[in-house]
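One structure is given below, encoded as structure tokens.
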Amino acid sequence: MAIRKDIKRINEKEDEIGVLTLYLNTDASNPDLNNGEWKIHLKNEIKEMKQYADNTATEPEKKALKKLLKKVEDRVGELQMELQKGLMITASADEKLWEEKILQVPVTTTLHWEKIPATQQLQAMVQKYPKSAIIVLQQMDVRFIETELGSITDEFTFSWDLNREDWLDYNSDSLPGSRGSGQDQFQRRFDENQNRWYKNLAPRLGKEIKDRGLEGAYLVGSNELVPDLEEHMNNAHLLGVLTKNIGMKPNHEIVNEIYQDLV
């Protein structure tokens, strides 16, 4: 996602009648929302905005605002089975702007009616959950998960090949048919050379971080693995370290754990 470019484009919109912006927290992992309470929160926000339309707004503003409220409410209903942790919708009275984003991170439920889009909360989320990587260590396999705002935008795996004495990228290299020799011999040689082989990988990881324009990376893995790679990584590239052996979990669960523990 090119979120920063999206924000810049959205911010260029101005409407003299008004722009409606909704942030809706739909995070079912939140105890206050796990029974669909977000629907009540949305209803209350819309009710308050309708009261403003009836009691304060000019006639053109009232007409446009009520029309947009209906469209937004209907759209949320259409999206409810797809919702994750948050939703943002911003729409202008002249109908030239309609932007919606299903978010993998929670937001604070608010409804804004201004001359310009209210992108402040989205910008704060981008600062909190920037475009970054999660590097997951599983000894001879190192997973690189690129994320932005909680969404996984790319992923690949480096795997150590004993015969070639090199790390292979599953995406661009032919896959190793085996680890080379027997598994026991491979394990012994990896244990003996782990630090040196991670030192070999660190510059490649750093190059990926730089070339992809990432803010940095989080390292996650067991106590036995993380220190050997961490010592060879550029400190400027490290956003945090989580010593948990969670490499067997699905990527989205790993992202959630990093956000819960480190962000």
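Can you tell me which residue is most open to solvent (accessible area, probe 1.4 Å) among those in segment 119-138 that are under 9 Å from the mean Cα position of the chain (by Cα) and among the hydroxyl-bearing types (Ser, Thr, Tyr)? Ranking the candidates gives 129 first. When residues in segment 25-68 are screened for being of a type in the set (Gly, Ala, Ser), part of a helix (DSSP H, G or I) and touching a helix residue (DSSP H, G or I) at 6+ places or on another chain (Cβ under 8 Å), 1 of them pass.
Residue 246 meets all of the listed conditions (1) part of a loop (DSSP other than H, G, I, E, B); (2) in contact with a helix residue (DSSP H, G or I) (Cβ under 7 Å, 6 or more places away or on another chain); (3) more than 16 Å from residue 143 (Cβ to Cβ) but one, namely (3). Against the condition open to solvent by 40 Å² or more (accessible area, probe 1.4 Å), within 17 Å of residue 24 (Cβ to Cβ), in contact with a helix residue (DSSP H, G or I) (Cβ under 7 Å, 6 or more places away or on another chain) and assigned to a helix (DSSP H, G or I), how does residue 73 come out, does it pass? So residue 73 fits the description; yes.
Considering segment 139-152, and only residues there that are outside any strand (DSSP E or B) and open to solvent by less than 30 Å² (accessible area, probe 1.4 Å), the residue that is modelled with the highest pLDDT turns out to be 149.
For segment 107-118, the candidate set comprises residues that are open to solvent by 20 Å² or more (accessible area, probe 1.4 Å) and not aliphatic (A, V, I, L, M); within that set, the residue that is farthest from residue 56 (Cα to Cα) is 108.
The values are calculated or read from the model by the stated rules, or taken from the named source; none is laboratory data. Keep in mind it's a predicted model, so treat the numbers as computed, not measured. No Cβ is skipped: glycine too gets one built from the backbone with ideal geometry, and neighbour counts run over all protein chains shown. When the accessible area is computed, the model is the full protein with side chains, heavy atoms only, and any ligands, DNA or RNA have been set aside. Shrake-Rupley method; radii C 1.70, N 1.55, O 1.52, S 1.80 Å.
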